[in-house]
Amino acid sequence: MNQLVSITTALCLPAPDIEALIQGHTVAALSRIFIRPGQQFALSPADSSAIPLSIEQYYRPIFLDIAYGAIRKLNSQELFAQTKQISLLAEKEKLQLPIPTSETVSIQAWARCELCQIIDSTELLIALSSLTIWTKEALQETLKQRQNIFLAYLRIYHLPKAIEILVKRNSQFVALPQPITASDANPVLSDRIFNLRKHQLETRQPPLHPELENLQSAIASLAITNPSATELDRDIKAFLGWSSDQSTNPVDSDLAWIHTIADVGNSSDGHAFEKLVRKGLLQLGFTGSGLDPDSTGGPGGMDFYCEYPYRIVGECKATKSYKVPDGTPAQLLKIGMNHLGKVQYDCSIKLIVAAGDLTFYALRTATENYMNVIRPETLQRLVEMQVHYKGCINLIELKQCLQNDPFGLADDKINNYIEKVCQNIKLRSHIVQVLKNYLEATKYEPAGVEGLHGAYVGSHPPQSLESSEIHEILLELSSPLTGYVGRIKGENWRGDRFYFLRDLPITNRKRTN
């Protein structure tokens, strides 16, 4: 949707409240007056002088860091009046007068009121606090001072660029200097997530994952400078329904090396290729003393050595144009046997990552000694899959693949395993889409397993599944570590209810060998 609207007024709220709305922490605001549903306005940040309690008493602990940040951001703009001593009387008598340094604020979003509830009972305040950013004490004090709480449910949309307006104090609404034309093309939350959050707040349903809310609060400050924390912060927000981020977690600049595995493997830079192979194995989840990417070789001269979750002893061979000689598998046999001993070596997976064709004798040596030989492109594909779909490469299943026939050239059996993983991801993506479509048809009410099974059967599914099998997959997809759907636990598995959180897009990973 891309509907244009004309905005002529702005709603003034404390800066932390607006930050909470823009970040998706809440879908409601406390208004001093009743706001008519359908009314549209910009969001103008104001200082916190109007709130009835201190910042620590007014906002819940999990929101305090964001509240402090919003206040610092507002203060750094020097928007509000500063006091200065001006001599209006005798030399020894001074009068404190406010001298405004600036009277403009920056507006980044606009809102549409979807509902405005009047709350006049203290009985609801505990439940209301657990679903919003305000403490129970803040809501009690607000109710005491105003006799009513006007809880406005606001749908928030980003403006394409920030605008500035003049500040008018002690006013809930202020007129914009001139109307602005805005679009609803960039909502903070999708229709589906907003309706779920609105329904939860209306019905005062308790938070589903308070522990995750506390975790998100704990890592919020780390996310400013730590890329790993930023990614986890984004995932938790999506799982909690605080974000509609539909990103597929593409390989960022820190992981761009993955795309170079095949190119370097097909070059003459053997040392660089060894390091990339070790990094790739670490990315897959292997650990061990022989996987240091910065070393020039593993223990005993092995190019790499994995210890957990199982032993892999391996050799790398970057080749630009010539065939892989018999010396490569022979070297793996010799070094592995010398360093590990026969018993431990025989129990280890043997792996060679090499570009180029093997000579007749090299292939025979590898095959007869139960070695797996894969091309750099195959390793790259494994690592790319693991990065784009976290945990999709099951290392125990990969072990079964590596320790079974055929040996020698092993690209086909590894690529067959990757195709199996792709099919599993496509099945889960299809189930997420079925849930999404089902919720749209049922006005976003959480769905039971039986209803979803019927919808799945009629959706041209990739394979036949029983209700219990769909339930197992939905449990997997509702894990905080995945966060594609949400779950409301029932008395038994048939009583569980599920709702959509985010898409599971399919990323094409073409075979390059």
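The values are calculated or read from the model by the stated rules, or taken from the named source; none is laboratory data. Bear in mind that the values here come from a model prediction, so they are computed numbers and not experimental data. Cβ placement follows ideal geometry from the backbone for every residue including glycine, while neighbour counts extend to all protein chains displayed. Protein only, heavy atoms only, side chains kept; ligands, DNA and RNA dropped before computing areas. Shrake-Rupley method; radii C 1.70, N 1.55, O 1.52, S 1.80 Å.
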Open item on the list: So, in segment 266-303, how many residues would count as being buried (at least 18 other Cβ atoms within 10 Å of the Cβ), under 23 Å from Val343 (Cα atoms) and without any contact (Cβ under 8 Å) to a residue 40 or more places away in the chain?
Closed with: 6
Open item on the list: Here is a check on your reading of the model: is Gln140 surrounded by fewer than 20 Cβ atoms within 10 Å (Cβ to Cβ), touching a Ser or Thr at 6+ places or on another chain (Cβ under 9 Å), without any contact (Cβ under 8 Å) to a residue 24 or more places away in the chain and under 23 Å from Gln3 (Cα atoms)?
Closed with: no
Open item on the list: Quick check on segment 15-23. Is at least one of its residues of a type in the set (Asp, Glu), farther than 14 Å from Cys113 by Cα, surrounded by fewer than 18 Cβ atoms within 10 Å (Cβ to Cβ) and in contact with a helix residue (DSSP H, G or I) (Cβ under 7 Å, 6 or more places away or on another chain)?
Closed with: no
Open item on the list: If I filter segment 460-481 down to residues being surrounded by 15 or more Cβ atoms within 10 Å (Cβ to Cβ) and among the polar types (S, T, N, Q), which single residue comes out as farthest from Leu439 (Cα to Cα)?
Closed with: Ser467
Open item on the list: Condition first: in contact with a Phe, Trp or Tyr (Cβ under 8 Å, 6 or more places away or on another chain) and either open to solvent by 30 Å² or more (accessible area, probe 1.4 Å) or touching a residue at least 40 places away in the same chain (Cβ under 8 Å) (or both). Now tell me which residues in segment 49-71 satisfy that.
Closed with: Ile51, Pro52, Tyr58, Tyr59, Arg60, Ala67
TODO: Scan segment 185-202 and report the pairs whose first residue is surrounded by fewer than 18 Cβ atoms within 10 Å (Cβ to Cβ) and whose second residue is in a helix (DSSP H, G or I), with Cβ atoms within less than 6 Å and a gap of 6+ or a chain change.
DONE: none
Task: Cβ-Cβ under 6 Å pairs, at least 6 apart or on other chains, segment 145-170 side open to solvent by less than 30 Å² (accessible area, probe 1.4 Å), far side among the aromatic types (Phe, Trp, Tyr) and modelled with pLDDT of 90 or more - done: Tyr157/Trp110
TODO: Would you check if Gln331 is in a helix (DSSP H, G or I) and either surrounded by fewer than 17 Cβ atoms within 10 Å (Cβ to Cβ) or under 35 Å from the mean Cα position of the chain (by Cα) (or both)?
DONE: no
Task: Residues within segment 426-442 that are of a type outside the set (Ser, Thr, Tyr) and open to solvent by 20 Å² or more (accessible area, probe 1.4 Å), tallied - done: 8
Task: Unique residue being open to solvent by less than 60 Å² (accessible area, probe 1.4 Å) and without any contact (Cβ under 8 Å) to a residue 40 or more places away in the chain when the list is Ala362, Ala366 - done: Ala362
- [ ] Might you check whether a residue that is open to solvent by less than 10 Å² (accessible area, probe 1.4 Å) and at positive phi occurs anywhere in segment 407-424?
- [x] yes
- [ ] List every residue pair whose Cβ atoms lie under 9 Å apart, where the two residues are 6 or more positions apart in sequence or sit on different chains, the first residue falls within segment 1-23 and is closer than 12 Å to Gln108 by Cα, and the second residue, located anywhere, is open to solvent by 30 Å² or more (accessible area, probe 1.4 Å) and at pLDDT 90 or above.
- [x] Ile18/Gln108; Ile22/Gln108; Ile22/His158
